[in-house]
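The structure appears right after this line, and notes come after that.
The values are calculated or read from the model by the stated rules, or taken from the named source; none is laboratory data. This one's a predicted model, so the numbers in the text were calculated from it and none came from an experiment. Don't worry about glycine lacking a Cβ; one is built from the backbone with ideal geometry, like all the others, and counts go over all protein chains shown. What goes into the accessible areas is simple: the full protein's heavy atoms, side chains included, and nothing from ligands, DNA or RNA. Shrake-Rupley method; radii C 1.70, N 1.55, O 1.52, S 1.80 Å.
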Amino acid sequence: MIIGFGTVGKGFFDLFHEKRAVVQSLGSVEISEIASSRLGYELRPAHDTAERVDKGGKLREEAKDIPETIRRSDADIVCEFTTVNMNNGEPAFSHIRAALESGKHVITTNKGPIALRYRELQSLVAKKGVLLKFKGTVMAGTPSYNILDLLPGLEVKMVRGILNGTSNFILSEVERGRSFEESLVHAQRLGYAEADPTMDIDGYDAALKAIIISNVLGWQDERHSLGGMEISGIRNISPAAGEKTKLLASINEKSASVKSTKLQDGDLLSNVDGVLNALELETDTLGRITSIGPGAGRKQTAQAALTDLVSIVGPLPNNR
Ligand SMILES: NC(=O)c1ccc[n+]([C@@H]2O[C@H](COP(=O)([O-])OP(=O)(O)OC[C@H]3O[C@@H](n4cnc5c(N)ncnc54)[C@H](OP(=O)(O)O)[C@@H]3O)[C@@H](O)[C@H]2O)c1
(Lines give C-alpha, C1' and ligand atoms only; values in the text may rest on other atoms or scores of the structure.)
Protein backbone atom coordinates (compact mmCIF):
# COMPACT_ATOMS: atom_id res chain seq x y z
CA MET A 1 0.00 0.00 0.00
CA ILE A 2 1.35 3.44 -0.96
CA ILE A 3 0.46 6.49 1.14
CA GLY A 4 1.38 9.82 -0.50
CA PHE A 5 1.47 9.85 -4.31
CA GLY A 6 3.83 12.74 -5.06
CA THR A 7 7.35 12.62 -6.52
CA VAL A 8 8.50 9.64 -4.46
CA GLY A 9 5.20 7.75 -4.44
CA LYS A 10 4.89 7.93 -8.22
CA GLY A 11 8.61 7.25 -8.65
CA PHE A 12 8.36 4.10 -6.56
CA PHE A 13 5.21 2.99 -8.37
CA ASP A 14 6.97 3.30 -11.73
CA LEU A 15 10.23 1.70 -10.56
CA PHE A 16 8.28 -1.21 -9.07
CA HIS A 17 6.79 -1.90 -12.49
CA GLU A 18 10.00 -1.14 -14.39
CA LYS A 19 12.12 -3.57 -12.34
CA ARG A 20 9.85 -6.49 -13.12
CA ALA A 21 12.54 -9.15 -12.83
CA VAL A 22 13.51 -8.05 -9.32
CA VAL A 23 9.92 -7.78 -8.17
CA GLN A 24 8.95 -11.16 -9.64
CA SER A 25 11.87 -12.79 -7.85
CA LEU A 26 10.30 -11.63 -4.58
CA GLY A 27 7.24 -13.84 -5.15
CA SER A 28 3.73 -12.47 -5.34
CA VAL A 29 4.31 -8.83 -4.43
CA GLU A 30 1.85 -6.30 -5.80
CA ILE A 31 0.90 -2.71 -5.16
CA SER A 32 -2.58 -3.27 -3.79
CA GLU A 33 -3.74 0.30 -3.16
CA ILE A 34 -2.75 3.95 -3.11
CA ALA A 35 -4.06 6.66 -0.79
CA SER A 36 -3.10 10.32 -0.98
CA SER A 37 -4.92 13.23 0.62
CA ARG A 38 -5.84 15.36 -2.39
CA LEU A 39 -5.37 12.82 -5.18
CA GLY A 40 -7.65 10.25 -3.59
CA TYR A 41 -7.69 6.48 -3.22
CA GLU A 42 -7.38 3.61 -5.67
CA LEU A 43 -7.63 -0.13 -5.10
CA ARG A 44 -5.62 -2.40 -7.43
CA PRO A 45 -4.11 0.47 -9.46
CA ALA A 46 -3.35 -0.13 -13.14
CA HIS A 47 0.30 0.06 -14.31
CA ASP A 48 -0.19 3.49 -15.86
CA THR A 49 -1.58 5.13 -12.71
CA ALA A 50 1.51 7.29 -12.04
CA GLU A 51 1.55 8.40 -15.68
CA ARG A 52 -2.15 9.31 -15.46
CA VAL A 53 -1.57 11.34 -12.28
CA ASP A 54 1.51 12.99 -13.83
CA LYS A 55 -0.79 14.21 -16.61
CA GLY A 56 -3.14 15.79 -14.05
CA GLY A 57 -5.46 12.86 -13.38
CA LYS A 58 -6.68 11.77 -9.97
CA LEU A 59 -7.10 8.43 -8.25
CA ARG A 60 -10.50 6.74 -8.71
CA GLU A 61 -12.11 7.42 -5.33
CA GLU A 62 -12.03 10.09 -2.61
CA ALA A 63 -9.48 9.45 0.13
CA LYS A 64 -11.18 8.95 3.50
CA ASP A 65 -9.59 8.77 6.96
CA ILE A 66 -6.11 7.55 5.96
CA PRO A 67 -4.97 6.01 9.29
CA GLU A 68 -8.27 4.09 9.35
CA THR A 69 -7.79 3.03 5.71
CA ILE A 70 -4.34 1.72 6.67
CA ARG A 71 -5.70 -0.22 9.65
CA ARG A 72 -8.43 -1.85 7.57
CA SER A 73 -6.17 -2.72 4.63
CA ASP A 74 -5.04 -6.29 3.93
CA ALA A 75 -1.66 -5.03 2.70
CA ASP A 76 1.42 -6.52 4.42
CA ILE A 77 3.63 -3.47 3.80
CA VAL A 78 2.77 0.23 3.96
CA CYS A 79 5.00 2.63 2.02
CA GLU A 80 4.74 6.09 3.58
CA PHE A 81 5.77 8.91 1.23
CA THR A 82 3.94 11.99 2.53
CA THR A 83 5.25 15.49 3.12
CA VAL A 84 7.84 16.02 5.85
CA ASN A 85 6.94 17.93 9.01
CA MET A 86 9.80 18.75 11.34
CA ASN A 87 7.66 19.82 14.30
CA ASN A 88 6.00 16.53 15.16
CA GLY A 89 6.43 14.24 12.15
CA GLU A 90 2.70 14.30 11.32
CA PRO A 91 0.75 13.08 9.39
CA ALA A 92 3.40 10.45 8.63
CA PHE A 93 3.77 9.44 12.27
CA SER A 94 0.06 8.56 12.55
CA HIS A 95 0.20 6.65 9.27
CA ILE A 96 3.23 4.65 10.37
CA ARG A 97 1.76 4.00 13.81
CA ALA A 98 -1.50 2.76 12.26
CA ALA A 99 0.50 0.41 10.02
CA LEU A 100 2.74 -0.96 12.78
CA GLU A 101 -0.13 -1.34 15.25
CA SER A 102 -2.08 -3.36 12.69
CA GLY A 103 0.91 -5.67 12.14
CA LYS A 104 2.16 -4.24 8.86
CA HIS A 105 5.78 -3.61 7.88
CA VAL A 106 6.62 -0.02 6.94
CA ILE A 107 8.88 1.58 4.35
CA THR A 108 9.21 5.35 4.53
CA THR A 109 11.31 8.12 3.01
CA ASN A 110 9.90 10.65 5.49
CA LYS A 111 12.53 12.06 7.85
CA GLY A 112 10.05 13.57 10.33
CA PRO A 113 8.88 10.50 12.27
CA ILE A 114 12.23 8.71 12.03
CA ALA A 115 14.25 11.68 13.30
CA LEU A 116 11.78 12.98 15.87
CA ARG A 117 9.80 10.00 17.17
CA TYR A 118 12.09 7.02 16.60
CA ARG A 119 11.79 5.57 20.12
CA GLU A 120 8.00 5.47 20.03
CA LEU A 121 8.14 3.73 16.66
CA GLN A 122 10.86 1.30 17.72
CA SER A 123 8.87 0.22 20.75
CA LEU A 124 5.91 -0.54 18.47
CA VAL A 125 8.21 -2.42 16.09
CA ALA A 126 9.47 -4.54 18.98
CA LYS A 127 5.96 -5.12 20.35
CA LYS A 128 4.48 -6.12 17.00
CA GLY A 129 7.45 -8.00 15.53
CA VAL A 130 7.34 -6.04 12.27
CA LEU A 131 9.97 -4.11 10.32
CA LEU A 132 10.40 -0.37 9.84
CA LYS A 133 12.71 0.59 6.94
CA PHE A 134 13.72 4.13 6.07
CA LYS A 135 16.72 4.04 3.75
CA GLY A 136 15.36 6.88 1.61
CA THR A 137 15.60 9.34 4.50
CA VAL A 138 19.39 9.56 4.14
CA MET A 139 21.02 9.91 0.69
CA ALA A 140 18.06 8.50 -1.28
CA GLY A 141 19.07 5.19 -2.90
CA THR A 142 22.81 5.78 -2.50
CA PRO A 143 24.15 3.33 0.09
CA SER A 144 24.61 5.19 3.38
CA TYR A 145 24.11 3.80 6.89
CA ASN A 146 22.73 0.58 5.36
CA ILE A 147 26.33 -0.32 4.35
CA LEU A 148 26.49 -1.50 7.97
CA ASP A 149 24.20 -4.42 7.06
CA LEU A 150 27.12 -5.83 5.03
CA LEU A 151 29.65 -5.40 7.83
CA PRO A 152 28.90 -7.59 10.85
CA GLY A 153 30.64 -6.57 14.05
CA LEU A 154 32.06 -3.36 12.62
CA GLU A 155 32.03 -0.46 15.06
CA VAL A 156 31.53 3.12 13.90
CA LYS A 157 33.61 5.69 15.78
CA MET A 158 32.71 8.83 13.89
CA VAL A 159 30.58 9.96 10.97
CA ARG A 160 30.97 12.93 8.64
CA GLY A 161 28.46 13.69 5.95
CA ILE A 162 27.43 16.06 3.20
CA LEU A 163 23.76 15.29 3.54
CA ASN A 164 21.96 18.14 1.80
CA GLY A 165 22.35 18.43 -1.96
CA THR A 166 20.70 21.85 -2.20
CA SER A 167 23.19 23.57 0.11
CA ASN A 168 26.09 21.68 -1.43
CA PHE A 169 25.01 22.93 -4.86
CA ILE A 170 24.76 26.52 -3.56
CA LEU A 171 28.20 26.27 -1.91
CA SER A 172 29.70 24.97 -5.17
CA GLU A 173 28.16 27.92 -7.03
CA VAL A 174 29.44 30.41 -4.43
CA GLU A 175 32.90 28.85 -4.81
CA ARG A 176 32.64 29.60 -8.53
CA GLY A 177 32.12 33.28 -7.73
CA ARG A 178 28.33 33.68 -7.60
CA SER A 179 26.70 35.46 -4.65
CA PHE A 180 24.61 33.45 -2.19
CA GLU A 181 21.39 35.03 -3.48
CA GLU A 182 22.23 34.33 -7.15
CA SER A 183 23.17 30.76 -6.30
CA LEU A 184 19.93 30.20 -4.42
CA VAL A 185 17.82 31.55 -7.30
CA HIS A 186 19.81 29.36 -9.71
CA ALA A 187 19.17 26.30 -7.50
CA GLN A 188 15.45 27.16 -7.40
CA ARG A 189 15.32 27.52 -11.20
CA LEU A 190 16.91 24.09 -11.62
CA GLY A 191 14.40 22.57 -9.18
CA TYR A 192 17.08 21.79 -6.57
CA ALA A 193 15.72 24.25 -3.99
CA GLU A 194 12.17 24.73 -2.73
CA ALA A 195 10.40 28.11 -2.94
CA ASP A 196 10.91 28.19 0.86
CA PRO A 197 14.48 26.92 1.17
CA THR A 198 14.71 27.22 4.98
CA MET A 199 14.96 23.49 5.73
CA ASP A 200 17.89 23.13 3.37
CA ILE A 201 19.92 26.29 3.78
CA ASP A 202 19.49 26.67 7.53
CA GLY A 203 20.77 23.15 8.10
CA TYR A 204 17.60 21.50 9.45
CA ASP A 205 17.26 18.92 6.69
CA ALA A 206 20.87 17.79 7.25
CA ALA A 207 20.28 17.84 11.01
CA LEU A 208 17.27 15.49 10.71
CA LYS A 209 19.46 13.14 8.66
CA ALA A 210 22.24 13.37 11.26
CA ILE A 211 19.69 12.41 13.94
CA ILE A 212 18.52 9.46 11.84
CA ILE A 213 22.10 8.21 11.46
CA SER A 214 22.59 8.67 15.23
CA ASN A 215 19.43 6.65 15.86
CA VAL A 216 20.70 3.82 13.67
CA LEU A 217 24.00 3.84 15.57
CA GLY A 218 22.23 3.83 18.94
CA TRP A 219 23.41 7.33 19.87
CA GLN A 220 20.03 8.57 21.06
CA ASP A 221 20.26 11.31 23.64
CA GLU A 222 19.71 15.06 23.93
CA ARG A 223 23.08 15.76 22.26
CA HIS A 224 21.76 14.08 19.10
CA SER A 225 18.46 15.98 19.00
CA LEU A 226 17.39 19.14 17.13
CA GLY A 227 17.42 21.07 20.41
CA GLY A 228 20.72 19.68 21.68
CA MET A 229 22.98 19.77 18.64
CA GLU A 230 24.73 22.73 17.02
CA ILE A 231 22.99 23.63 13.76
CA SER A 232 24.08 26.52 11.59
CA GLY A 233 23.32 26.72 7.92
CA ILE A 234 24.83 28.47 4.94
CA ARG A 235 22.51 31.49 4.65
CA ASN A 236 24.37 34.48 3.18
CA ILE A 237 27.67 32.64 3.02
CA SER A 238 30.16 34.54 0.84
CA PRO A 239 33.16 33.45 -1.25
CA ALA A 240 35.25 34.79 1.66
CA ALA A 241 34.34 31.57 3.51
CA GLY A 242 36.99 30.04 1.31
CA GLU A 243 37.19 27.17 -1.16
CA LYS A 244 36.07 23.71 -0.16
CA THR A 245 33.61 24.97 2.43
CA LYS A 246 30.90 22.35 2.94
CA LEU A 247 27.79 22.09 5.10
CA LEU A 248 29.19 19.23 7.15
CA ALA A 249 27.33 16.95 9.53
CA SER A 250 29.68 15.53 12.18
CA ILE A 251 28.46 12.84 14.52
CA ASN A 252 30.04 10.75 17.25
CA GLU A 253 28.74 9.08 20.37
CA LYS A 254 29.05 12.27 22.44
CA SER A 255 27.94 14.99 20.02
CA ALA A 256 26.44 15.93 16.68
CA SER A 257 26.59 19.13 14.66
CA VAL A 258 25.72 20.56 11.26
CA LYS A 259 27.75 23.60 10.23
CA SER A 260 29.68 25.06 7.35
CA THR A 261 33.24 23.81 7.58
CA LYS A 262 36.31 24.53 5.48
CA LEU A 263 37.85 21.20 4.47
CA GLN A 264 41.51 20.52 3.85
CA ASP A 265 42.87 19.82 0.37
CA GLY A 266 43.10 16.07 0.02
CA ASP A 267 40.00 15.47 2.12
CA LEU A 268 37.85 13.18 -0.04
CA LEU A 269 34.70 15.08 0.99
CA SER A 270 36.18 18.36 -0.30
CA ASN A 271 35.68 17.04 -3.85
CA VAL A 272 31.99 16.28 -3.42
CA ASP A 273 30.43 19.09 -5.45
CA GLY A 274 27.02 20.10 -6.79
CA VAL A 275 23.97 18.19 -5.61
CA LEU A 276 25.95 15.10 -4.63
CA ASN A 277 25.82 13.75 -1.07
CA ALA A 278 28.51 11.84 0.80
CA LEU A 279 28.87 9.83 3.97
CA GLU A 280 32.15 8.90 5.59
CA LEU A 281 32.29 6.35 8.40
CA GLU A 282 35.36 6.09 10.61
CA THR A 283 35.37 2.45 11.72
CA ASP A 284 37.38 0.08 13.89
CA THR A 285 38.03 -2.66 11.34
CA LEU A 286 38.12 -0.86 7.97
CA GLY A 287 39.31 2.62 8.90
CA ARG A 288 37.52 5.13 6.74
CA ILE A 289 34.83 4.15 4.24
CA THR A 290 33.04 6.66 2.05
CA SER A 291 29.92 6.56 -0.09
CA ILE A 292 29.18 9.30 -2.61
CA GLY A 293 26.10 9.68 -4.80
CA PRO A 294 22.76 11.38 -5.32
CA GLY A 295 20.70 12.26 -2.25
CA ALA A 296 17.36 13.11 -3.87
CA GLY A 297 15.28 12.74 -7.03
CA ARG A 298 12.26 10.74 -8.17
CA LYS A 299 14.04 7.60 -9.36
CA GLN A 300 16.94 7.93 -6.92
CA THR A 301 14.63 7.96 -3.90
CA ALA A 302 12.42 5.25 -5.38
CA GLN A 303 15.55 3.06 -5.46
CA ALA A 304 15.78 3.41 -1.67
CA ALA A 305 12.22 2.17 -1.24
CA LEU A 306 12.91 -0.75 -3.59
CA THR A 307 16.02 -1.60 -1.56
CA ASP A 308 13.88 -1.53 1.59
CA LEU A 309 11.24 -3.69 -0.05
CA VAL A 310 13.84 -6.33 -0.92
CA SER A 311 15.24 -6.19 2.60
CA ILE A 312 11.75 -6.99 3.94
CA VAL A 313 10.64 -9.56 1.37
CA GLY A 314 14.01 -10.72 -0.11
CA PRO A 315 16.81 -11.63 -0.17
CA LEU A 316 17.28 -11.86 -3.92
CA PRO A 317 19.04 -14.84 -5.48
CA ASN A 318 22.76 -14.05 -6.14
CA ASN A 319 22.34 -10.81 -4.24
CA ARG A 320 20.58 -9.09 -7.18
N1 LIG B 1 11.68 14.09 -3.54
C2 LIG B 1 12.85 13.64 -3.11
O3 LIG B 1 13.84 13.64 -3.83
C4 LIG B 1 12.96 13.07 -1.72
C5 LIG B 1 14.19 12.49 -1.33
C6 LIG B 1 14.29 11.93 -0.06
C7 LIG B 1 13.21 11.97 0.81
N8 LIG B 1 12.05 12.57 0.40
C9 LIG B 1 10.93 12.57 1.34
O10 LIG B 1 9.90 11.73 0.86
C11 LIG B 1 8.61 12.26 1.19
C12 LIG B 1 7.82 12.47 -0.09
O13 LIG B 1 8.52 13.42 -0.88
P14 LIG B 1 7.94 13.90 -2.27
O15 LIG B 1 9.04 14.61 -2.95
O16 LIG B 1 7.26 12.78 -2.97
O17 LIG B 1 6.87 14.97 -1.80
P18 LIG B 1 5.62 15.52 -2.64
O19 LIG B 1 5.88 15.40 -4.09
O20 LIG B 1 5.28 16.82 -2.05
O21 LIG B 1 4.48 14.46 -2.30
C22 LIG B 1 3.97 14.34 -1.00
C23 LIG B 1 2.66 13.60 -1.09
O24 LIG B 1 2.18 13.48 0.24
C25 LIG B 1 0.78 13.54 0.18
N26 LIG B 1 0.23 13.95 1.46
C27 LIG B 1 0.50 15.07 2.15
N28 LIG B 1 -0.19 15.07 3.29
C29 LIG B 1 -0.91 13.92 3.30
C30 LIG B 1 -1.84 13.35 4.19
N31 LIG B 1 -2.20 13.96 5.33
N32 LIG B 1 -2.37 12.15 3.89
C33 LIG B 1 -2.06 11.52 2.74
N34 LIG B 1 -1.18 12.02 1.84
C35 LIG B 1 -0.63 13.20 2.13
C36 LIG B 1 0.46 14.55 -0.91
O37 LIG B 1 -0.76 14.13 -1.39
P38 LIG B 1 -1.77 14.93 -2.34
O39 LIG B 1 -0.99 15.37 -3.53
O40 LIG B 1 -2.78 13.89 -2.65
O41 LIG B 1 -2.30 16.06 -1.52
C42 LIG B 1 1.61 14.33 -1.90
O43 LIG B 1 1.19 13.49 -2.94
C44 LIG B 1 8.86 13.57 1.96
O45 LIG B 1 8.80 13.30 3.33
C46 LIG B 1 10.28 13.95 1.53
O47 LIG B 1 10.93 14.71 2.49
C48 LIG B 1 11.90 13.11 -0.82
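Observations on the structure shown:
- Taken over region 50-75, the criterion of being under 10 Å from Ala99 (Cα atoms), under 26 Å from the mean Cα position of the chain (by Cα) and of a type outside the set (S, T, N, Q) is satisfied by Pro67, Glu68, Ile70, Arg71, Ala75.
- Top-ranked residue in region 100-110 [being outside any loop (DSSP other than H, G, I, E, B) and more than 13 Å from the ligand (Cβ to nearest atom); ranked as surrounded by the most Cβ atoms within 10 Å (Cβ to Cβ)]: Val106
- Among the criteria (1) crowded, with 22+ Cβ neighbours inside 10 Å; (2) within 30 Å of Ala241 (Cβ to Cβ), the one Ser172 does not fulfil is (1).
- Selection status of Leu124, without any contact (Cβ under 8 Å) to a residue 40 or more places away in the chain and either farther than 18 Å from Ile31 by Cα or open to solvent by 10 Å² or more (accessible area, probe 1.4 Å) (or both): yes
- The residues of region 24-60 that are within 16 Å of Asp308 (Cβ to Cβ) and free of Cβ contacts under 8 Å to residues at least 60 places away in the same chain amount to a single one, Ile31.
- Filtering region 132-151 to residues that are near the ligand (Cβ under 10 Å from one of its atoms) and over 14 Å from Ser214 (Cα atoms) leaves Gly136, Met139, Ala140, Gly141.
- As a summary of the residue check, Pro113 satisfies the conditions (1) assigned to a loop (DSSP other than H, G, I, E, B); (2) under 16 Å from Asp308 (Cβ atoms); (3) within 11 Å of the ligand (Cβ to nearest atom) except for the one numbered (1).
- Output for region 271-309, where each listed residue is in a loop (DSSP other than H, G, I, E, B), of a type in the set (A, V, I, L, M) and away from the ligand (no atom under 14 Å from the Cβ): Val272, Leu286
- Annotation: of all residues in region 45-63 being open to solvent by 40 Å² or more (accessible area, probe 1.4 Å) and touching a strand residue (DSSP E or B) at 6+ places or on another chain (Cβ under 7 Å), the one that is nearest to the ligand (Cβ to nearest atom) is Lys58.
- Residues in region 261-320 that are among the acidic types (Asp, Glu) and open to solvent by less than 70 Å² (accessible area, probe 1.4 Å): Asp267, Asp273, Glu280, Glu282, Asp308.
- Qualifying residue in region 63-79 (condition: of a type in the set (Gly, Ala, Ser), outside any loop (DSSP other than H, G, I, E, B) and over 16 Å from Val130 (Cα atoms)): no
- Neighbours by Cβ (under 7 Å, 6+ apart or cross-chain): first from region 72-92, at positive phi; second more than 13 Å from the ligand (Cβ to nearest atom) and open to solvent by less than 30 Å² (accessible area, probe 1.4 Å): none
- Filtered residues of region 265-320 (kept if at pLDDT 95 or above, polar (S, T, N, Q) and more than 17 Å from the chain's Cα centre (by Cα)): Ser270, Asn271, Thr283, Thr285, Thr290
- Which numbered condition Met199 misses (of (1) in a helix (DSSP H, G or I); (2) in contact with a strand residue (DSSP E or B) (Cβ under 9 Å, 6 or more places away or on another chain); (3) closer than 24 Å to Asp273 by Cβ): (2)
- Taken over region 1-44, residues that are assigned to a loop (DSSP other than H, G, I, E, B), more than 14 Å from the ligand (Cβ to nearest atom) and open to solvent by less than 40 Å² (accessible area, probe 1.4 Å) amount to 4.
- Each residue in region 229-243 was checked for being open to solvent by less than 40 Å² (accessible area, probe 1.4 Å) and either basic (Lys, Arg) or farther than 20 Å from Val272 by Cα (or both), and 1 pass.
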